[in-house]
Amino acid sequence: MGSIVEVLYGSAIAVVAIFLLARFITTPKNIPPGPFAWPIIGSLHLIGPYPHRSLAKLAEKYGSLMSVWFGQRLIIFATSPETALEFVKTQDANFCSRPKQQAPSVLLPHDLTFSDVTSHSKLLRKIFQQQFTTSKKMEATQQLRANEFAHMLRTIPHDTTVNVKFHLEVLAGNIFSQLVMSRRLLQPSSIEDTTTDSTEKLKDLMKITADLDRIIGTFNPGDFIPAVKRFDLAGIGCKFKQFRNRMDSFVEKIIQERLEERKSSRAPKELREKDYLDALLDEADQQKEIDLNVVKTMIWEIFAAGMETNIASSEWAMAELVNAPHTMKKAQAELDAVVGRDRMVKESDLPNLPYIKAIAKESLRLHPPVPFLAHQCIKSCKAFGYDIKSGTSVFVNVYGLGRLESIYPDPNTFNPDRFLPGGSNVGLDYQGQNFELLPFGSGRRICAGMPVASLMVQTAVATLLHAFTWIAPKDHELMEGLGAASLSKAVPLKAHATPRLPSHVYSL
């Protein structure tokens, strides 16, 4: 018996030794420093439930350019303005590819966020920008957004505790559904009635987008250990396909109704503005590379990336503000001086509201919509004297950038004044040119929806602060949710809303 144990023990040591020797032979030698990597798991044991925090902490030890083995996959992390600039600007063309992940390839194939830069993705980006972010389109849809902000004010109850996230969901859901398919998801009469068909549709949409965010953000061993993906013992690939069917069932009816409408002799398309769905279907009629599967993917990308990030960013800003009454009062004083108290906030007021812009910057610094900017090397190259092989993933830790004490004094404190004249970070903006602050990315892969997101977050915060004084419950905590692609709050924000404007403003 003893000899068998000795043989097994010796065999195990031999296997580990062979693995380490193979790793030594095959591992790139001239790479940035990083933690020790064990066989099979690499350095995954060092990554906690909040990977962006774990990796920011590791960067303090190993440096702002750091190599970490996730299983058998090498990822280089950039956690300084200098290293971020190298990959998203200086060598942008060589790092504009995306790392391959199983979930997005099944759930959002041929999308904008996770696909490489190709003629196909450039066409889709052009269609998106024409329908959402050009100056002409932003101006044309201004009244649509104003109507929904007015609707939000009418429906927020007074002098009681309010589920802030729910009202932000209704706001974003109705704005984006009208931009995508010229239809409100939730009618004004049904916001308090949770049994109506439109309320169920909104719940369905928010549940699917939240699940999609969670699935894409959940750690998938198959992305880092090839053998796990090859055998798929946990059935992850099958689960992804089942969820894609659930996504398809929601949008297929919408697309089919539009296709029938376009064929009918009534030609209602001529009686309304062309929307995003029309633009995609027009292109599908002419281009072989865009079919109905691509149309479905693009609709979901708008709902998932557009709605989720807008809701999360606005909710985080409000969550920070209810914890900082002095900052809230300062913002309300600015709003009273610029807007007055006899009307709602307008988008045209925003250029005259620098403190509201500073609040948006500070909230996005502390709580970026996504914690990492994921890039992949196309051709082998050098960066900071290190060798980076083709196919190597490079992640910019946006969360880590925002918490650097060398850039942001007292980095964990919510302090919008740091971005105003006299502050330590005056002049910094999130348009992709200041590499200390990159919530929307930069370069070729900058978030295509940034103009809309920036506008909506600032308008939402300004509208809510102008119309109400908010008081946080005693158990209010600023905790992030686990296992999601975006950094959302763990528990939806609820706060007591006291009206501060004349009653007629709430019924405009």
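For this structure, a couple of remarks:
- Crossing angle, helix 2-26 versus the chain [Cα axis fit, 0-90 degrees, rounded to tens]: 60
- With a simple spin-label model that places each label point 7 Å from the Cα along the Cα-to-Cβ direction, the separation between residue 286 and residue 41 comes to 5.5 nm.
- With all pairs of separate Cα atoms included, region 283-375 yields a Kirkwood hydrodynamic radius of 16.2 Å.
- Rounded to whole Å, sorted largest first: equivalent-ellipsoid semi-axes of region 87-207, Cα gyration tensor: 35, 18, 14
- Nearest-ten-degree value, helix 325-338 long axis tilted from longest Cα axis of the chain: 50
- Protection proxy ranking, peptides 491-499, 361-369, average beta carbon neighbours within 10 Å, highest first: 361-369, 491-499
- Fraction of antiparallel bridges per DSSP, region 31-507 only, in percent to nearest 5: 85
- Taking the chain and dividing mean pair separation by its residue count, relative contact order in percent (alpha carbons under 8 Å, at least six apart): 23
- Once you reduce region 360-377 and region 66-141 to the center of their Cα atoms, the two points are 13 Å from each other.
- If you plug the beta carbon distance of residue 30 and residue 60 into 1/(1 + (r/R0)^6) with R0 = 22 Å, you get a FRET efficiency near 0.45.
- Between residue 420 and residue 93, the contour length at 0.36 nm per residue exceeds the Cα-Cα span by 114.3 nm.
- C-alpha long axis of helix 119-132 to longest principal axis of the chain, angle in °: 20
- With only Cα atoms counted, the chain has Rg and Dmax values of 24.5, 89 Å.
- At R0 = 30 Å, FRET efficiency that the Cβ-Cβ distance of residue 260 and residue 204 yields, to 0.05: 0.85
- Pairs beyond 22 Å (Cα-Cα), from 207/263; 122/296; 239/296; 122/489; 136/203: 207/263; 122/489; 136/203
Computed from the coordinates by the stated procedures, all read-outs in this text should not be read as laboratory data. None of the values given here were measured: they were computed from a predicted structure. All Cβ positions, even for glycine, are placed from backbone atoms using ideal geometry, and neighbour counts span all protein chains on display.
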